[in-house]
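Shown next, in structure tokens, is the structure this report addresses.
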Amino acid sequence: MKICIYGAGAIGGFMAVGLAQSGAEVSLIARGAHLKAIQENGLTVRGKDGERNAKLRASSDPAELGPQDYVIVALKAHQAWEAAEAMKPLLGPDTAVVTAQNGIPWWYFYGFEGQFANLQLQSVDPDGRQWRTIGPERAIACTVYPATEITEPGVIKHIYGDRFGLGEPTGQITERLTRLAEAFEKGGLKPKIDPKIRDDIWLKLWGNLCFNPISALTRATLDIVATDPGTRAVARGMMAEAEKIARRIGTHFRVGIERRIDGAASVGAHRTSMLQDLDKGRPIELDALLTVVQEMGRLVDVDTPTIDIVLALTQQMGRVAGVYPVFPEQTEPVRLD
């Protein structure tokens, strides 16, 4: 089994080391000092259970690696959109593309029936670049729950968690899905095959869509955002609007709003990924977490006053800081039949 991890950052690298231990032929697309370190010394994951190192083929050029059985895209949503064309050399006739990103994926309405069938969301895939270049029939969803960080080039710290959700957009349990899950399991990663993977996508998004922008705006850690009465109320309002949108599209939530916020508070003084990106001057991942929810609200005629305010403030903050926008100007959603 040939697996390429496109984006050997903290999560991508963590997955790569695990999958390499499963016996799969794992390669990486990386860049800069991190790429050089991997090429010279391999990739190292350090955690509470010790240290693991894997010698992996790594390159900045997908053409050097050739067609794969699976391409796991561990880039942020805006980076994945930018990389769609460059990914082509990795795609053979039967290559599956595993989207391991936060937020609503570009293929979200693939496999839907009725009025939303094959609707392409401009917020996460402007002009349908990924839909056309990759093709939604290749997509496998992956929800990511571990927390990791790069501590130095070629070295990843595993903070907690090893759970991943896996599912086909169609809800089917396919051979390619079960083979991927088996590789995860053999590599010490804990996959859960979920026929209703969109429910899991929304459950994770539910927290990210509010905690990330609120923390970036206030510079507060997750425990403060979730427990301060004012910011908790803002988060609650955003989540209530998002829940109404998701339920109209057919999503089921297995926990309530208060429990979801309490769960975030229990994580402690965690700096959200958006706050970390803002501090480091990196583009913030806003469109896949929040702009797309606003767009979907308009599709199903749900007003989003709290989301609208927080989104506008975060967009303006990002523009002033030079870290937004990262996509071309959004237009109305289009249908790709």
Exercise. In degrees from 0 to 90, rounded to the nearest 10, what is the angle of the helix 32-41 Cα long axis to the longest principal axis of the chain?
Worked result: 40 degrees
Exercise. If you count the DSSP beta bridges with both ends in the chain, what percent of them are antiparallel, to the nearest 5?
Worked result: 35 percent
Seminar exercise, completed: Most exposed to least, judged by fewest other Cβ atoms within 10 Å, D125, D279 sort to D279, D125
Exercise. To the nearest 500 deg cm²/dmol, what mean residue ellipticity at 222 nm is calculated for the chain from DSSP H runs of n ≥ 4 alone, each contributing -39,500 (n - 2.57), summed and divided by the residues?
Worked result: -12500 deg cm²/dmol
Seminar exercise, completed: The exposure ranking of H270, H78, fewest beta-carbon neighbours within 10 Å first, is H270, H78
For this session: Could you tell me whether segment 199-323 comes out rounded, prolate or oblate from its Cα gyration tensor? Rule is a ≥ b ≥ c as square roots of the eigenvalues, rounded for a/c under 1.5, then prolate if a/b exceeds b/c, otherwise oblate.
Result: oblate
Exercise. When a footprinting reagent is the concern and you count Cβ atoms within 10 Å, what order do T44, T227 take, fewest first?
Worked result: T227, T44
For this session: Just report the Cα centroid separation between segment 243-286 and segment 68-90, whole Å.
Result: 24 Å
Problem set entry | Helix 197-218 vs. the chain, principal-axis angle (Cα, 0 to 90°, nearest 10) | 70 degrees
For this session: List nothing, just return the count: lysine pairs in the chain, 8 or more apart or interchain, with Cα separation under 17 Å.
Result: 12
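Computed from the coordinates by the stated procedures, all read-outs in this text should not be read as laboratory data. Small disclaimer: the values here were computed from a predicted structure and weren't measured. Virtual Cβ from ideal backbone geometry, glycine too; neighbours counted across all protein chains shown.
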